[in-house]
Amino acid sequence: MKVLLSWLREFAPIEGAPEAIAEDLSDLGLAVESMATFAAVSDGIVVARVAGLRPHPDADRIQLVDVDAGDGDLRQVCCGAFNMAVGDLVPLATVGTTMPNGLEIGRRRMRGQHSEGMICSAAELEMGTDAEGIMILPGDLELGEDLTAALGVAGDVLFDLEVNPNRPDALSVVGVARDLAARRGLPFELPEPQVGTVGAPAGESVRVEILAPDLCGHFSVRLLRNAAGARTPPLIGRRLLALGMRPINFVVDLSNYVMLEVGQPSHAFDADLVPGGALGVRRAAEGEQVETLDGAARTLHAGDGVIVDSAEVPIGIAGVMGGASTEISEATETVLLEAAWWNPTDIARTSRRLGLRSEASARFEAGVDPEIAPWALERFAELAAPGGVALAPELVQAHGHLPPRPTVRVRTGRVNAILGTCLTAAEMLACLEPIGFGIAAAEVPPAAAPRSYPGEVWDVTVPSWRLDTATEIDVIEEVGRLWSYSRIARTVPKSPHPGGLTSRQRGRRRVQEALAGFGLTEAMPLPFLAPGDLERCGLPPDGITVTNPLVAEESIMRTSLRPGLLKAVAYNAARRQPGVALFEVGHVHASGDGELPAESDCLAAALAGCEAPAAAALWERLCRAMGFAGIEVRNEATAGMHPTRSAVLVSGGQTLGVLGEIDPAVTAAFDIAERVAWLECDLGRLLEAHIDSPRYRQPSRFPSSDIDLAFVVGEPVPAATVEAALRRAAGESLAWLRLFDVFRDPDRLGAGCRSLAWRLRLQAADRTLTDAEVGEIRAACIAAAEVAGAALRD
Amino acid sequence: MTAEETASALVAEARGLATDAVAALTAADTVAELTAARPDLLGKGAPLTGLRRRVGSLAPEDRPAAGRALSEALAEVAARYEARLDELRAAERRRQLEAERLDLTELPERPPVGRLHVISQTQRRLEDVFCAMGYTVAEGPEIETEWHNFGALNFPPGHPARDMYDTLYVDHGPPGSTLLRTHTSPVQVRVMQRQSPPLYVVAPGRCYRQDTADATHMPVFHQIEGLVVDEGITLGDLAGAIETFTTAYFGPGFTSRLRPSYFPFTEPSAEFDVQRPDGTWLELGGSGMVHPSVLEVCGLDPERWSGFAFGFGIDRLAMLRYSIDDLRDLWTNDSRFLEQF
């Protein structure tokens, strides 16, 4: 919402530095997104007329413009915009001018053609945001005149405000002025429009009817005569332009002006094109058609609001866009000016579906003041009167259902309890009354209230422009807003709990830290997948689909961290960064029948340029670092993994993850030339069940004995099986065991076998083990290993 | 041979032998050579030691002087031996150490240094600040019900405020029932439903919106949400909590302010801005007092409990701290990006 300081001043005597005004606006919740002060003079930028347009002989994107700045010379200017026509007035930056961005305009040649100055867009002049085309000026300006002076904005200040959805009243100059006046303790006044009426009362020739009272709160019409040939008053054209709205014609300009001023959109019908002067409001039937002002044929849905003529034929879409059949033209003599209150939800639905969102529909959606229409219509007439337009007596109005406006019961004690203030009733009153709220002591104290607060109980009347305010908390917010949040004393609430992370959150952090300590770097791939990503990974394509993705690459939620990390490996390899070691901790989703899809916290690591054992070693190291215990690594081919270099992580019959090497076919599908060692597991379940809380064991003070045992073990027998047998057989005296040697030699060991050698350190906590005891353990280990399928090497 | 001659001869012989011994030990070039020669120079069978036996055969009056001279000769040899041994040991140590000389700037292999993603690091910093303020960390699902994301938070269907969020829905359950959460605020609802006040929690996590990726937008981003519900919580408490966080996270010299704003699930609502020591403002996030209807929906009596909530983006804080100017860089996983933090 853009407002000009000069316009605000028409309703309240606002003075002072623009910065201080901006500060107040922000503090009132009308955040100032930008502020522009127009220079007192725009040195060198003058009003000029387009006298001729010619194509550039050697360039398609530039045209040659002859401009007349009123000094008798025609200047040739090269211009990259095409939105102007011969006769249009445009801003011309003459040679020697310094533009607001510091650029100095010189005599130039563009593709061989000389250019004497520059014709400017609103953005180039810092008078608006429109950078698309040249700023077309109102037709009544004097050629050669200084631009800011001609526009009447010299020294004016433009504030661009961000207005929240609960402040429809602030989508108007009047609403902003009211807030600002209240904050600054200034008088605010909405003067009655001064306009006389002429001729036959409107009611004699105009009828209105509402057939859908839930759609239309009121439908109000004034009749204006003698409109043909009227011109937009200069001040209005200038202000519209300064606010970034292009003047179009008298009726549209005035309608826009009143809408910006007071927030009430209006629509004009050519009365001669409305049969019998009858306007009705109803809901459309499915498939009904109407041609809108933009010339498009619109097909309506059942329930859309339409304005119809006496024959029940739609001649406009309620609150969204008028119809072509009754459109105003230069020749329009009599105007039916309509201002209505539309149900916000209906306008929102229809405008969104048709993709027709305008300043007007935005205001109807937010909620227009249901009582302002008569004022707005008269204001239009007041502004039109100097152009000779005559207002007919009588407001023709039909009523539907308007939202109820109950009084709101407010406890002053509750206001202080929520805000953390100690305001007196008088101080609260001083916040509320200037913005239109009425206060009356409640007749009966609210017996129903479960908690009573010290102070008064009020019944607060809400002004018609604040339909958002319906409950006590809404009023409390208004008190706080007008009092100023910055004036509220700050206190820090004291948590009765010790803060901190849960053990699972701490565990997740430790896993991340352990992996980083092992030299892996945390990656952050997008959680979205493209169709085919899972298949490329050799995984089932059962990811949950996004209903309304913007691009196909973001249309599937991941079921595995694999596609994301493989893409990251490929991305780096393609940039001559092979061998990356990456991990990720993140959520994956599996479809299911629950209220929500199954969501789990997963961990994955990719070691590019490494073979499967690197993943096994990483897992073993992570288990030691974290104290993960009781998880079996079982050789097993799994989807997408190298079929003979894959293992699953199993605990209590549950598969927690996989490790090994990515299937070469999968890496090839991702254009990865390296091997990729891979580890992936369900971190959530792992952390829940498998963290061993460490318990201290004092190191033995007694001497230890080592025994080395080498076995010939068939390839199908996992080393882990033999190791587990050794561990069991060695029992309590085993300090540790290590697989220290592996070799394969078909000549000596036979095919399909390998030699595995373990060193076992034996040590008792309470004594020195005797040679006989060590011998017994050794024998037991050999026997157990043999049962497990290993043969002692001689 | 007279006794005098014998005594002086003995002394002269001792001196001669001592001179020979010193020459021998000086000639030894290694510790091993020297120590191997020791028995021949100073051992029981060494010639010089052997002279002791002949002292007894001297005239009694000559014996003390001769004995002294002999002892002096032996001591001289022993001392020279020790000195030579030290010298040779030192030389050997020097040789050994010289042979071990390394150029410590020769580093053919550089083992990788692992790192956490800059977003993880930023999130942890934030969590730690709030944990120190007595908050716990709550989590919730990224795929949410429409009810938790909107309905419970006072966004009735068709509410215009829903337009502030470009929601991505997923195909699960009835159409429109399940979505990618647009903010971390549904965690507020889950916490209030699950736990009883007093509540002091923060909820960091991933959020989604229908956005085209560019320098300042991504369809997925990170937020942290705060929620406090207790008896007597006020807007002043919100302002104070934000201020404490601001100083703790950004450092001394940073202050905060609240500005009125609108969110359906808080009222009064406020934007909060942080002022840098140079006076410039940073718009950080949204906040407000938990709306009475939200408390009620979550089973809390708004007449007894009140609370505040706030939320802001994690990605932007990470970008500001490290001067990252393109949001998309966070998601490339280029090792040249990842290795900088």
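The values are calculated or read from the model by the stated rules, or taken from the named source; none is laboratory data. Given the structure is predicted, the values throughout are model-derived calculations rather than measurements. Glycine gets a Cβ as well: all are built from the backbone with ideal geometry, and neighbour counts include every protein chain shown. These accessible areas exclude ligands, DNA and RNA; they are computed on the full protein's heavy atoms, side chains included. Shrake-Rupley method; radii C 1.70, N 1.55, O 1.52, S 1.80 Å.
On the accessible surface of the protein assembly as shown, probed at 1.4 Å, how many percent belong to carbon and sulfur atoms?
Values: 25650 of 49530 Å².
Carbon and sulfur together cover 52 percent of it.
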* Summing +1 for each Lys or Arg and -1 for each Asp or Glu, what net charge is found among the other residues whose Cβ lies under 11 Å from the Cβ of A:ALA376? -> -4
* Derived scalar couplings ³J(HN,Hα) [the stretch A:646-659; Karplus, 6.51 cos²θ - 1.76 cosθ + 1.60; whole Hz; x for Gly, Pro] -> 9, 9, 10, 9, 10, 8, x, x, 9, 8, 9, x, 9, 8
* Hey, which lysines would be in cross-link range of A:LYS2, C-alpha to C-alpha under 17 Å, not counting anything within fewer than 8 residues on its own chain? -> none
* To do: With θ set to phi - 60°, apply the Karplus curve 6.51 cos²θ - 1.76 cosθ + 1.60 along the stretch A:621-633 and write out the HN-Hα couplings as whole Hz, x wherever there is a Gly or Pro.
  => 5, 5, 4, 5, 5, 8, x, 5, 9, x, 10, 8, 9
* To do: Lys and Arg at +1, Asp and Glu at -1: add these up for the other residues within a Cβ distance under 13 Å of B:THR247 and post the number.
  => +1
* Asked: Under a GNM of chain B (C-alpha, springs under 10 Å), which listed residue has the highest mean-square fluctuation: B:SER287, B:SER177, B:SER57?
  -> B:SER57
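For the full complex of protein chains and a 1.4 angstrom probe, list A:TYR257, A:TYR453, A:TYR696 by accessible area with the highest value first.
On the way: A:TYR257 5, A:TYR453 35, A:TYR696 175 Å².
Listed by decreasing accessible area, they come as A:TYR696, A:TYR453, A:TYR257.
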* **Summed buried accessible area for A+B [probe radius 1.4 Å, Å², rounded to 100]** => 7000
* What residues qualify as long-range amide H neighbours of A:ALA324, i.e. H under 5 Å apart, gap of 5 or more or another chain, H built at 1.01 Å from N? -> A:GLU291, A:THR292, A:LEU293
* Asked: How about the stretch B:282-305: which of its residues lose at least 20 Å² of accessible area in the presence of all protein chains relative to their chain isolated, using a 1.4 Å probe?
  -> B:PRO292, B:PRO302, B:GLU303
* Modelled label-to-label distance, A:ALA278 and A:GLU19, 7 Å Cα→beta-carbon offset: nm? -> 6.4
* Let a ≥ b ≥ c be the square roots of the eigenvalues of the Cα gyration tensor of the stretch A:318-373; is it rounded (a/c under 1.5), or, if not, prolate (a/b larger than b/c) or oblate? -> oblate
* Asked: Name the trypsin sites (Lys or Arg not before Pro) in the stretch B:65-111 that are in a loop by DSSP and that have at most 14 other C-beta atoms within 10 Å, would you?
  -> B:ARG101
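Taking a probe of 1.4 Å, how large is the accessible area per residue of the stretch B:201-341, in Å²?
On the way: 4560 Å² over 141 residues.
I get 32 Å² per residue for the stretch B:201-341.
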* Structure fact -> The FRET efficiency for A:ARG207 and B:ARG125, from their Cβ-Cβ distance with R0 = 60 Å and rounded to 0.05, is 0.30
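Taking every DSSP beta bridge with both residues inside chain A, roughly what % is antiparallel (nearest 5)?
Values: 133 of 140 bridges.
Rounded to the nearest five, the antiparallel share is 95 percent.
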* Asked: Given 0.36 nm per residue, what is the gain on full extension from A:ASP708 to A:ALA149 after removing their alpha carbon distance, in nm?
  -> 191.2 nm
* Take the Cα of A:GLU773, step 7 Å along the line toward its Cβ, and report every residue of the stretch A:708-734 whose backbone nitrogen sits under 16 Å from that point. => A:730-734
* Structure fact -> Phi angles of the stretch A:156-163, converted by Karplus (6.51 cos²θ - 1.76 cosθ + 1.60, θ = phi - 60°) into ³J(HN,Hα) in whole Hz with x for Gly and Pro, give 6, 10, 9, 9, 9, 9, 9, 9
* Pop out a list of residues from the stretch A:475-493 that are at least 30 Å² less accessible with all the protein chains around than in their chain alone; 1.4 Å probe, no ligands or nucleic acids counted. => A:GLU477, A:TYR485, A:ARG490, A:THR491, A:VAL492, A:PRO493
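Give me the accessible area per residue for the stretch A:370-452, probe 1.4 Å, as a whole number in Å².
Values: 3820 Å² over 83 residues.
Per-residue accessible area for the stretch A:370-452 comes out at 46 Å².
Given a 1.4 angstrom probe, what's the average accessible area per residue across the stretch B:14-153, in square angstrom? Write out the running numbers ahead of the final one.
Values: 7960 Å² over 140 residues.
Accessible area per residue: 57 Å².
Rounded to the nearest 500, what is the protein assembly as shown's calculated 222 nm mean residue ellipticity when only DSSP H runs of at least 4 contribute -39500 (n - 2.57) each, over all residues?
Details: 33 runs with 349 residues, N = 1135.
About -9000 deg cm²/dmol.
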* Structure fact -> So, over other residues within a Cβ distance under 14 Å of A:ALA470, counting Lys, Arg +1 and Asp, Glu -1, the net charge is -4
* When the accessible area of each residue in the stretch B:230-274 is compared between its chain alone and the complete protein assembly (1.4 Å probe; ligands, DNA and RNA ignored), which residues differ by at least 40 Å², being lower in the assembly? -> B:THR234, B:LEU235, B:GLY236, B:ASP237, B:ARG257, B:LEU258, B:ARG259, B:PRO260, B:TYR262, B:GLU267, B:PRO268
